[in-house]
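Please read the structure below before turning to the comments.
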Amino acid sequence: MAEQGRKGTPKDVAEDPAVMETNLPSLPAPRRGKVRDIYDLGDRLLIVATDRISVFDVVLPTAIPDKGKILTQLSCFWFERTADIVPNHLLSTDVEEFPPPCRPYPPLFAGRSMLVRQANPLPVECIVRGYLAGSAWEEYGQTGSVCGMKVPAGLVKSSRLDPPLFTPSTKGEYGEHDVNITFDQAAARIGSQVAERVRDLSVAIYERAHAFAAERGIIIADTKFEFGFDDETGKLILIDEVLTPDSSRFWPKDGYMPGRPQPSFDKQYIRNYLEEQVDAGKWDKTDPGPELPDVIVRNTVLRYREAAQRLFG
C-alpha cells in the first residue's frame with residue numbers, strides 16, 4: 001500500500017494523510033518521476049500524483065498535503081479547456097472506469113490519479129515565458145538575452161514579455177537538472193518541423209490560459225508543457241501536467257508590480273525559503289534536500305489552494 005504521511009505534518013491543512021509514494025501490489029512496479037508514480041498497464045498508463053515536491057530539481061523529503069490532488073484537478077481543468085488547440089493524453093479520472101487491478105485502492109486514487117494514453121515523450125520541455133523571472137531574469141541581467149534570444153533593453157525584474165518567448169529545456173530524469181537550450185538546439189533533438197509545431201502550440205495554450213487566468217485575478221508568468229506522440233495514432237498530444245503551481249509561476253494580479261519579486265501562488269515560496277538556507281550555508285542545492293518546517297508546508301498548501309479556487313471560481 002501507499003506510504004502515507006510524515007511526523008509533524010500540520011493537521012489543519014489537509015483532510016487526508018500526505019502521500020509520498022505509492023506501491024500497489026496488484027500493479028507492476030511504478031516508474032517514479034519527481035512528483036508522479038507511473039504504472040504501465042500495457043496500452044495505457046495510470047499516473048498517480050503524489051504529494052512530493054521538487055525544487056531546484058531535488059525531491060524534498062517533506063510532503064505537501066493535498067498537492068497531488070490539486071495538481072491533478074488543475075491539469076484536468078486545463079486539458080478540457082485546451083483540447084481544441086491540441087489533443088491530450090487524458091482518458092479518465094473516474095476510478096470506476098480504471099482497469100480492475102486498480103480498483104482496490106479508490107481512497108488513494110480518488111482525486112489524484114489519471115488514466116491516460118501511452119505516448120512517446122519528446123526529450124525536451126516546452127517553456128513559455130510571458131514575464132521576465134527566474135533563470136530568464138538571471139540570464140537577461142548577464143547577457144541581455146533569454147535562451148540566446150535578444151529581448152528589449154531596459155527591462156526590469158518581472159517585466160512583461162510581449163510576445164511571450166518559447167524557451168525549451170532539456171528534460172532531466174529523477175535527480176537530474178533541466179538545462180535551458182536554444183530553439184535550434186531543440187530542433188536538433190526533435191526535428192525542425194516538430195520543434196516549430198510544439199513552439200506554436202505552447203504559445204497558443206499559454207496565451208489562452210493567460211487571458212483566462214487574468215480574468216480571475218491570476219497572472220501566469222511562465223509555464224512548461226510536455227508533448228509526445230500517441231502510441232496508437234502517432235499524433236502529437238499534450239501529456240503530463242498542465243498549468244499547475246508546480247509547472248508555472250502564478251502571481252496575484254492585484255499585487256503585480258514590475259521591478260521586484262512578486263508574491264505567488266506556486267512553489268516560489270519554497271524556493272525563497274531554500275535560497276535562505278543556501279545563503280546561510282545550510283544546503284548546497286544537491287540531494288538530499290532539507291526538511292521543510294511546518295509553517296512553510298502550511299503556507300504552501302494555502303497558496304496552491306488559492307490558485308485552484310481562483311481558477312475554478
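The values are calculated or read from the model by the stated rules, or taken from the named source; none is laboratory data. Fair warning: this is a prediction, and the values are worked out from it, not measured in the lab. Using ideal geometry, Cβ is built from the backbone for each residue, glycine included, and neighbour counts are taken over all protein chains shown. Protein only, heavy atoms only, side chains kept; ligands, DNA and RNA dropped before computing areas. Shrake-Rupley method; radii C 1.70, N 1.55, O 1.52, S 1.80 Å.
Looking at the range 279-300, which of its residues are closer than 23 Å to Trp251 by Cβ and more than 22 Å from the chain's Cα centre (by Cα)?
Across the range 279-300, the qualifying residue is only Val295.
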Conditions first: (1) farther than 13 Å from Ala213 by Cβ; (2) modelled with pLDDT of 95 or more; (3) open to solvent by 70 Å² or more (accessible area, probe 1.4 Å). Asp287 passes all but one, so which condition is the exception?
(2)
With the checklist (1) aliphatic (A, V, I, L, M); (2) at pLDDT below 95; (3) over 19 Å from the mean Cα position of the chain (by Cα) in hand, flag the one item Leu161 doesn't pass.
(2)
So, in the range 15-57, of the ones that are closer than 19 Å to Tyr269 by Cα and open to solvent by 20 Å² or more (accessible area, probe 1.4 Å), which residue ends up modelled with the lowest pLDDT?
Asp57
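Provide a single number: the residues in the range 270-283 that are in contact with a Pro (Cβ under 9 Å, 6 or more places away or on another chain) and not polar (S, T, N, Q).
So in the range 270-283, the residues in contact with a Pro (Cβ under 9 Å, 6 or more places away or on another chain) come out as 272-274, 277, 282-283.
Narrowing the set further to residues that are not polar (S, T, N, Q) leaves 273-274, 282-283.
The number of residues fulfilling the criteria is 4.
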Could you grab me the full set of residues in the range 213-234 that are in contact with a Leu (Cβ under 8 Å, 6 or more places away or on another chain), more than 24 Å from Pro121 (Cβ to Cβ) and open to solvent by 10 Å² or more (accessible area, probe 1.4 Å)?
Arg216
Just checking, how many residues over the range 58-75 are open to solvent by less than 30 Å² (accessible area, probe 1.4 Å) and closer than 30 Å to Glu207 by Cβ?
9
Mind checking which residues of the range 91-101 are surrounded by fewer than 21 Cβ atoms within 10 Å (Cβ to Cβ) and over 21 Å from the mean Cα position of the chain (by Cα)?
Asp94, Val95, Glu96, Glu97, Pro99, Pro100, Pro101
Which numbered condition Lys267 fails, given (1) within 20 Å of the chain's Cα centre (by Cα); (2) open to solvent by 50 Å² or more (accessible area, probe 1.4 Å):
(2)
With (1) over 23 Å from the mean Cα position of the chain (by Cα); (2) in contact (Cβ under 8 Å) with a residue 60 or more places away in the chain as the list, and Phe109 as the residue in question, which single condition is left unmet?
(1)
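Condition check ((1) of a type in the set (Val, Ile, Thr); (2) in contact (Cβ under 8 Å) with a residue 24 or more places away in the chain) across all residues:
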{"position": "Val116", "(1), (2)": "yes, yes"}
{"position": "Cys147", "(1), (2)": "no, yes"}
{"position": "Val151", "(1), (2)": "yes, no"}
{"position": "Phe166", "(1), (2)": "no, yes"}
{"position": "Val198", "(1), (2)": "yes, yes"}
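Test Ala83 against the stated conditions and say whether it is without any contact (Cβ under 8 Å) to a residue 40 or more places away in the chain and not hydroxyl-bearing (Ser, Thr, Tyr). Break it down stepwise before answering.
On the way: without any contact (Cβ under 8 Å) to a residue 40 or more places away in the chain: yes; not hydroxyl-bearing (Ser, Thr, Tyr): yes.
Answer is yes for this residue.
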Among the residues of the range 74-84, is there at least one that is touching a helix residue (DSSP H, G or I) at 6+ places or on another chain (Cβ under 7 Å), among the hydroxyl-bearing types (Ser, Thr, Tyr) and in a helix (DSSP H, G or I)?
yes
Residue pairs within 9 Å by beta carbon, gap of at least six or interchain, first lying in the range 245-271 and within 10 Å of Ser158 (Cα to Cα), second part of a helix (DSSP H, G or I) and open to solvent by 50 Å² or more (accessible area, probe 1.4 Å), listed first then second, are Pro261/Asn272
What are the residues in the range 102-157 that are open to solvent by less than 60 Å² (accessible area, probe 1.4 Å), more than 22 Å from Phe250 (Cα to Cα) and in a helix (DSSP H, G or I), if any?
Cys102, Pro106, Leu108, Phe109
